[in-house]
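J.: I have a structure here, written as structure tokens, and I will follow up with some questions on it.
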Amino acid sequence: MGVEKIVFIGSTFLFTKMWAKGKTTSVHGCDHLPWCLSHAASEKEQIASTMKSARYKQSLDPTVDEVKKLCTSLRRNAKEERVLFHYNGHGVPRPTVNGEIWVFNKNYTQYIPLSIYDLQTWMGSPSIFVYDCSNAGIIVKSFKQFAMQREQELEVAAINPNHPLAQMPLPPSMKNCIQLAACEASELLPMNPDLPADLFTSCLTTPIRVALRWFCMQKSAKLVPGVTLDLIEKIPGRLNDRRTPLGELNWIFTAITDTIAWNVLPRDLFQKLFRQDLLVASLFRNFLLAERIMRSYNCTPVSSPRLPPTYMHAMWQAWDLAVDICLSQLPTIIEEGTAFRHSPFFAEQLTAFQVWLTMGVENRNPPEQLPIVLQVLLSQVHRLRALDLLGRFLDLGPWAVSLALSVGIFPYVLKLLQSSARELRPLLVFIWAKILAVDSSCQADLVKDNGHKYFLSVLADPYMPAEHRTMAVFILAVIVNSYTTGQEACLQGNLIAICLEQLSDPHPLLRQWVAICLGRIWQNFDSARWCGVRDSAHEKLYSLLSDPIPEVRCAAVFALGTFVGNSAERTDHSTTIDHNVAMMLAQLINDGSPMVRKELVVALSHLVVQYESNFCTVALQFMEEEKNYAVPSPASNAGASFAALRWSREPGNQTQMRESPARMRSVSSYTNIRAATTTRNLNKSLQNLNLSEEGGSVAFSPGNLSTSSSASSTLGSPDNDEYILSFETIDKMRRVSSYSSLNSLIGVSFNSVYTQIWRVLLHLAADPFPEVSDLAMKVLNSVAYKATVNARPQKISGSLTHGSPPMPSASSSSLTNEVPKPPARELPPARPPYTPPFGGQAPHSHQFQRTRKMFDKGPDQTPDDGDEPGGHRSFISATMQTGLCDWSAKYFAQPVMKIPEEHDVESQVRKEREWRFLRNARVRRQSLRITQKGVTRLDDQLFINRNPGVPSVVKFHPFNPCIAVADKDSICFWDWEKGERLDYFYNGNPRYTRITAMEYLNGHDCSLLLTATDDGALRIWKNFADQKNPEMVTAWQGLSDMLPSTRGAGMVVDWEQETGLLMTSGDVRVIRIWDTDREMKVQDIPTGADSCVTSLSCDPNRSLIVAGLGDGSVRVYDRRMGPNECRVMTYREHGAWVVKAHLQKETEGHIISVSVNGDVRFFEPRVPDSVNVLQTVKGLTALDIHPQANLFACGSMNQFIAVYSSSGDIISNIKYYEGFMGQRIGAISCLAFHPYWPHLAVGSNDYYMSIYSAEKRLR
């Protein structure tokens, strides 16, 4: 069949090379000799048209010896290929129950039995047996019994070599044999004079003619006038010409039988019978027809493996209709010569497929028309529509791609890559992207058929839309992935130059995949690397390191990492290039995206592998220096300032949020990687934590509530830890490396590339995101181990002999059951000058469908074998990777045409969001009604409970009855309506740091919680409070040059929900603005002061930022202006530390600031002096201002809370808890108003958290 030849070109399974045909055609008792004899020729002709490479042998009326000779010679020649044995037993005795068929003796005078057991021995395996005789089912049963007997003999011989069976030649296994029989064991073949005597054989060899003949014999054929059995023989055309009536019927027949088989058979059986071998597939397609026809004559054909019944399948009706339409034209075509009208079958089936795609529900059975759609690809008339529908089907997800591959899509679409039609390009690129996103194993087939050239031309075509060029470069990235032949072919196709031209394309996904493709083509392929050097590829990639899209920056780091990771011979030129690339990469050390920093560690690890000896030298010197150099720890005797006062900085007010859909994904680009909860059991760890502080005297200042630990880092036991870098050692190294005196102590130049990169890795080992620090720890420990092995081999061998502890990953500072010893905090004598990388403000971001959707997990870290027991085995793997490329490729596997769930009005996600918005509106409406009436008192205690730690920061959720309370290093969540504790988990910050600020992000929708610690680290959490399974979404170093101070404000933040910008400052001299959507710093505003920033407040509508400072000044900045002009106002009326500075959000909103002395001042931003001054209590430790009601509350170290109106009238004065026999409240450590309700949360040093409200009747 011509159709199959096209379908299976390039198939990797071709068993059927050798065919044997033993055919006994004695015609005793047969009235249809012409039909019977003609089929010896017709079958051979039919097989020849299907596979021209097969060889044939006819054996008419053979003897036993002739059959044996024929079978053994064919098996010998066929070797491991499949052999067919066709037995036509018409006119001979029926098969015996002993498993025998009949042949003649030499003189043709009598029948001789031939045992199926002997036939199995001669034929061997794999083979096909066709039995066309009455009671053929007997042969099938006997065959199976003999096959089972052979298997048992093989098992006995294998178990017992001394058994007699083991001494004999081993019988061949019959597992891989196929049998087709004309009828069951008890059935006789039909004897219809209008049908061939060997009807079963005719169905298998000339299916179309038999099917047409059988159709004409049915009663329904009378509806087609003028068609006779004689006319059937004259049907014009050739089987392999689809434009003719006979060829079109053959094409439709192939499509229908394929469809029936695919829908009825189990997938593995369909693959075995219909997709692995061209002629086996043809036989079984025809067998389906034989079953339909033979059953109409009370015969049931049998197969082994057995097939489910298919004779009643609905697709046979479609076949009858196609035959009807064809035959109705036959008289006029033959007699009058009219043109043949093609069948509407394929167009109708495409319409049915389209209906399935358009109208179906998500969970449903696969479309039964899928095999037909593939057949339609052969037709130029329907090809475009079929490709479009196929693309829409593949877009449903990986399961759809797997289904299409199981049907056999691959050879069809591979063949189409030879087409030059431009209109097919977008469809073929889309389809191939979908296939390769699910199954990338066909690189070799694509390159072999020059398929890569097709995609190179699409990528180089400037008129192709960016989306299609993105898919083309993704396909090319798969072709060159770890496949040298593909790399060579694409290098010759000028892939590098084509990619470099597209690096500045406005489409972010294209930039991302161009970088990944470049990284893959020169990965371990030096020719491509030098081609890149000639084209200055590395320099052109530098521009992507400051790209506004995190995924693009990540891809650029990946490309530069593989660029320096080639292990070819190094020259001075290549070393210089590697050094330049390394120093450019080092600038990303404080990138806001953990994904970028993870990729940075891997890229630098490639450099470490290439220059291992240099890094070992640096590592040894750093380790020696770390042992000998005393690092100052944070002062623990700072009680002099504000003696014994426990001051706390109050975070900026929660701003009123505008629920614009654009901001619902304000942090949508964060990676959402579990914060290594396998080693850091976040939700349970605090039950085992020792919350008491170690050593150190108590030191308090405004902003330093908790005990400051003075525990210094230690190396641990010299016997065990001398050759392992613990977290404490690395942290001390990092701090040592920041002292200028180190310059004279290190042999290698202090500013050499290797030293600089080592310092970068030390910094990354202390990264707040656990997976980044884990990777960096592995790199550092690997180098340190190799360095010490080379330096002192005898000590190492002794250590390894006696067993050494497993390599510590970042779990030495992890959230496990024990809190690690805190290293001392960094205290450099002078702040290094800040240089904004890549020129300040980020360029405009082109909007596009982001790869990472909200809360989508980033790439999981590839597990290493480094943590196995047995000592220091944590070597850097040359294949160390983050999984970025595979994770990015998932974008193409997911539906892109489907409406996102949040936009589908019927989806659960949309319904939940609508409910949240209704709840938000209700909270705003009801709270506004209360605050407009005026609050006359605020001392009704709604909630009181003992917090696990001393509260340092408290934050109301704007809409849920939930409150977050932070102590030094953990966060507790309370339901203040029910009085229940919801969750308590460890924030992950080192023990010498403390949480100084918290903010709810996206509080109006799916909330995230941001925590800021006084080392400048920011962490964002999700799934807290109600789900009992908190996950770290992201973490980064918000402020890189914090100046540790006992009087420090720590880190202060303010969140702009409307713009997704995060303002950060604290013990630094700048206000740094982060764009959370881009995960990058967008602006640094110099404060112009020598003291720390204690409070931040911003107004997005006026682009103003107000900062309160430790020197008592209040400064106003306009972020639209340049760094030197942005400070527009400075107020110096406060004489002491500013506890709170608040900018009202109204158009004419005032600035309200309060100092520790209790003076409240109101400023008009355009006026240089205060417009109003109020005096409250002195000795303030905490203050907050209600954003809606005209209220502000003061907390004092003298154990009371005073609530004032904006006019200065005292509303409430709270000194005692309700209940507890009137217990006096503790010194106030923190307080916060609810953003809407007139509720005040108060935390005190006696561990208690209480919430006060207006009178209950107002709630």
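J.: In the range 173-237, which GluC sites (Glu not before Pro) are in a loop and have at most 11 other Cβ atoms within 10 Å, using DSSP for the loop call?
T.: Listed in order of number, the matching sites are 233.
J.: Are there chymotrypsin sites (Phe, Trp or Tyr not before Pro) in the range 973-1073 that DSSP marks as loop and that have at most 15 other Cβ atoms within 10 Å, and which are they?
T.: Taking the range 973-1073 and a limit of 15 other Cβ atoms within 10 Å, no loop chymotrypsin sites (Phe, Trp or Tyr not before Pro) are found.
J.: A follow-up question, please. Under a crude label model (7 Å from the Cα following the beta-carbon direction), how far is residue 173 from residue 244 in nanometres?
T.: Distance between the two pseudo-spin positions: 4.6 nm.
J.: If you don't mind, another one. By average Cβ neighbour count within 10 Å, what is the ranking of 1141-1149, 109-117 from highest down?
T.: 1141-1149, 109-117
J.: Can I ask one more? Relative to a virtual label point 7 Å from the Cα of residue 65 in the Cα→beta-carbon direction, which members of the range 102-129 show backbone nitrogen distances below 14 Å?
T.: Within reach of a label on residue 65: 104-108.
J.: What does the convex hull of the Cα atoms of the range 334-488 come to per residue, in Å³, rounded to a whole number?
T.: Hull volume normalised by residue count: 139 Å³.
J.: Shifting gears a bit: At q = 0.14, 0.18, 0.21, 0.24 Å⁻¹, what log₁₀ I(q)/I(0) does a Debye calculation on the Cα points of the range 369-431 give, no solvent, two decimals?
T.: Ignoring solvent entirely, the Cα scatterers give -0.34, -0.57, -0.79, -1.05.
J.: Quick check: at a probe of 1.4 Å, how many percent of the accessible area of the range 369-431 sits on carbon and sulfur atoms?
T.: Taking all protein chains in place, the range 369-431 shows 57 percent carbon and sulfur surface.
J.: Enter the Cα centre distance for the pair the range 456-505 and the range 603-618, rounded to the nearest angstrom.
T.: Here the answer is 31 Å between Cα centres.
J.: Whenever you get a sec, line up 1234, 342 from highest to lowest accessible area (probe 1.4 Å, protein heavy atoms).
T.: On the way: 1234 0, 342 105 Å².
The residues order as 342, 1234, largest area first.
J.: Here's another thing I want to ask about it. Taking only protein heavy atoms into account and a 1.4 Å probe, give the accessible area per residue of the range 369-431 in Å². Show your work: numbers first, answer last.
T.: Numbers: 2070 Å² over 63 residues.
Per residue, the range 369-431 has an accessible area of 33 Å².
J.: Using only the Cα atoms, work out Rg/Rh for the range 988-1100, with Rh taken as the Kirkwood radius, to two decimals. Can you show the working numbers first?
T.: Working: Rg = 13.9 Å, Rh = 14.4 Å.
For the range 988-1100, the value is 0.96.
J.: Loop-only check: which trypsin sites (Lys or Arg not before Pro) in the range 961-1060 are DSSP coil with at most 14 other Cβ within 10 angstrom?
T.: Passing sites in the range 961-1060 are 978, 1028.
J.: Testing the spin-label approximation: label points 7 Å from Cα along Cα→Cβ at residue 421 and residue 158. State their distance in nm.
T.: Simple spin-label model gives 5.2 nm for this pair.
J.: Related question: What is the percent carbon and sulfur in the accessible area of the range 461-587, measuring with a 1.4 Å probe over the protein chains and ignoring ligands?
T.: Looking at the range 461-587 in its full context, I get 48 percent from C and S.
J.: With a 1.4 Å probe and all protein chains left in place, how much accessible area per residue does the range 1024-1144 have, in Å²?
T.: Counting only protein heavy atoms, the per-residue value for the range 1024-1144 is 27 Å².
The values are calculated or read from the model by the stated rules, or taken from the named source; none is laboratory data. Every value quoted in this text rests on a predicted model; they were computed, and no experiment measured them. Note that each Cβ is placed from the backbone with ideal geometry, even for glycine, and that neighbours are counted across all protein chains shown. We work out accessible area using only protein heavy atoms, side chains counted, and drop any ligands, DNA or RNA first. Shrake-Rupley method; radii C 1.70, N 1.55, O 1.52, S 1.80 Å.
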